[in-house]
Amino acid sequence: PAAEEPPAPTEPAPTPTEAGAEATPAPEEGSPAPPAEPPASKPEPQPEKPKEEPPSSPLSLAVEEVSENSFTLTWKAPEHTGKAGLDGYVVEICKDGSSDWKAVNQEPFLSTRYTIPNLSSGDKIHVRVTAVGASGSSTPATLEQPVLIREILQLPKIRMPRHLRETYVRRVGDAVNIMIPFQGKPQPEVIWTKGEQPLDASRINIRNTARDTIFYIRQAQRGDSGQYQLSVRINGAEDKAILDIQVVEPPGPPQNLKLMDVWGFNVALEWTPPVDNGNAEIKGYRVQKSDKKSGKWFTVLERCTRTSCTISDLIIGNTYSFRVFSENSCGLSDSAAVAAGVAHIEKTKTTYQPEKIPQRDMMEPPKFTQPLTDRTTTRGYSTHLFCSVRGFPQPKIIWLKNQMEIREDPKYIAMIEQGVCSLEIRKPSPFDGGVYTCKAVNALGEASVDCRLDVK
């Protein structure tokens, strides 16, 4: 204090009685200069101190365990600890309804886990943790909800079944009945939400027991799709899980199917995707043709992933119509897009010039131009197998089932018309399933094609 007083009065300092004797040698020896230096050195550290910010708040404060008379907290170190680092943490508690905060540790400690003992069962305790450093204390990190002091014999844990960890897919109109087990003692609180909102009780029924929760929808609609959040809580301890439900239905038909071009034995088609995909990704398109003579539809392409295609090997003289179905994981669309126009495969006009056209040997062994395709049918509903063959002289057609020739059996009707071979199987049973073979034989050789028929 004696050193601080002289710089303030400067020149009037020699006038006091007690300091008069001491002040006379001071101006001679230049003593006023030294007291001026210390004040100059003291203000320098003062502006530096405000630059040292206190630590930031501790992170992720949570309750790890609760017992009958204590509970354990965990947290993470703050993002910013200051230049001097942390001295430790101070934990404070306050009973619910009171504003009297009390520190539970006398000295700061560096552990990020702390057990608060000697509490009364049934009390609700608010908790906050402050980070303390040389530059000051942080803003406290506070638990949002008070901790109820009662014994947790088993922490809450949701045991999500394996098939529910991925998207759970159901068809429109199907029932959704899901049971999700969990554990925890005492009885946990079970909370279901969708988009952080309570569930619609008029559509979704939730039933909880001590060991599981049941999620039930009588008839699923597409609006029931989405992510549902399940939370199981005991006091401050909590476990969460996500249930992702997708309700699908068959897609709508493709749009704007057009017959773009006809040349030779070929036809080009184009279309656009359906307006409604049935709440599921479109896997492809099924393209079918029908000739005017038979009026029957035949599949020429399955799971076509593009929105255009070329159909080849059409028969001269026939007039064809075309249609396209869209398909998703639920199945084919209920209706098809039908092309407005028809394609007539005309015979190429030629001028007969016998002197220029050498004689050709028209004989050729049988060759299948359209193979059999695997089919699935329903018991009791007649089905047809089709393929196309060419050869000269006209080959003899033999049908076999599982390598056994089909002879005069009233269950089967075999026909051949303009090279198109058909086998009608009347009202099949599961016994009629198997591998069917169409064999064509003439004097120059033979050929065969196979397919599998499944009867469900």
Criterion first (surrounded by fewer than 13 Cβ atoms within 10 Å (Cβ to Cβ) and either touching a residue at least 12 places away in the same chain (Cβ under 8 Å) or in contact with a Leu (Cβ under 8 Å, 6 or more places away or on another chain) (or both)) does Lys102 satisfy it?
no
Quick one: Gly317 ticks every box in (1) in a loop (DSSP other than H, G, I, E, B); (2) of a type outside the set (A, V, I, L, M); (3) modelled with pLDDT of 90 or more except a single one, so which number is it?
(3)
Would you confirm whether or not segment 302-323 contains a residue that is open to solvent by less than 60 Å² (accessible area, probe 1.4 Å) and touching a His at 6+ places or on another chain (Cβ under 7 Å)?
yes
Could you grab the pairs with beta carbons closer than 7 Å, sequence gap of 6+ or different chains, first residue in segment 115-138 and over 19 Å from Asp96 (Cα atoms) and open to solvent by less than 50 Å² (accessible area, probe 1.4 Å), second one at pLDDT below 85 and among the β-branched types (Val, Ile, Thr)?
Gly133/Thr81
Select from segment 119-145 the residues that are of a type in the set (S, T, N, Q) and assigned to a loop (DSSP other than H, G, I, E, B) and list them in ascending order.
Ser120, Ser121, Ser135, Ser138, Thr139, Gln145
Could you tell me which of the residues Lys258, Lys289 is open to solvent by 50 Å² or more (accessible area, probe 1.4 Å), farther than 29 Å from Val147 by Cα and more than 23 Å from the chain's Cα centre (by Cα)?
Lys258
Does Gln227 satisfy the condition of being part of a loop (DSSP other than H, G, I, E, B) and either outside the structural domain of Glu68 (by the TED database) or of a type in the set (Gly, Ala, Ser) (or both)?
no
Being surrounded by 16 or more Cβ atoms within 10 Å (Cβ to Cβ), among the basic types (Lys, Arg) and closer than 30 Å to Trp75 by Cβ, is that true of even one residue in segment 234-250?
no
Whichever residue in segment 295-310 is touching a residue at least 40 places away in the same chain (Cβ under 8 Å) and assigned to a loop (DSSP other than H, G, I, E, B) and, among such residues, is nearest to Arg375 (Cα to Cα):
Lys296
Going by the structure shown, is Thr130 within 27 Å of the chain's Cα centre (by Cα), at pLDDT 90 or above and not small (Gly, Ala, Ser)?
no
Looking only at segment 187-196, which residues are assigned to a loop (DSSP other than H, G, I, E, B) and open to solvent by 40 Å² or more (accessible area, probe 1.4 Å)?
Gln187, Gly195, Glu196
Quick check on my filter: what residues within segment 147-170 are outside any strand (DSSP E or B) and open to solvent by 40 Å² or more (accessible area, probe 1.4 Å)?
Arg150, Glu151, Leu153, Arg159, Arg162, His163, Arg165, Glu166, Thr167
Residues that are under 28 Å from Ile93 (Cα atoms), touching a residue at least 12 places away in the same chain (Cβ under 8 Å) and either outside any loop (DSSP other than H, G, I, E, B) or open to solvent by less than 80 Å² (accessible area, probe 1.4 Å) (or both): does segment 197-216 have at least one?
no
Out of all the residues in segment 360-373, is one or more surrounded by 12 or more Cβ atoms within 10 Å (Cβ to Cβ) and of a type in the set (A, V, I, L, M, F, W, C)?
yes
Please go through (1) modelled with pLDDT under 90; (2) within 24 Å of Gly236 (Cβ to Cβ); (3) not in a loop (DSSP other than H, G, I, E, B) for Val91 and return the number of the only condition it doesn't satisfy.
(1)
The one condition Leu400 fails out of (1) over 28 Å from Gly317 (Cα atoms); (2) at pLDDT below 95 is (2)
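The values are calculated or read from the model by the stated rules, or taken from the named source; none is laboratory data. In this text the structure is predicted, and so the values were computed from the model without any measurement. Neighbour counts are summed over all protein chains in view; Cβ atoms, including those assigned to glycine, are modelled from backbone coordinates with ideal geometry. Surface areas here come from the heavy atoms of the whole protein model, side chains and all, with no ligands, DNA or RNA. Shrake-Rupley method; radii C 1.70, N 1.55, O 1.52, S 1.80 Å.
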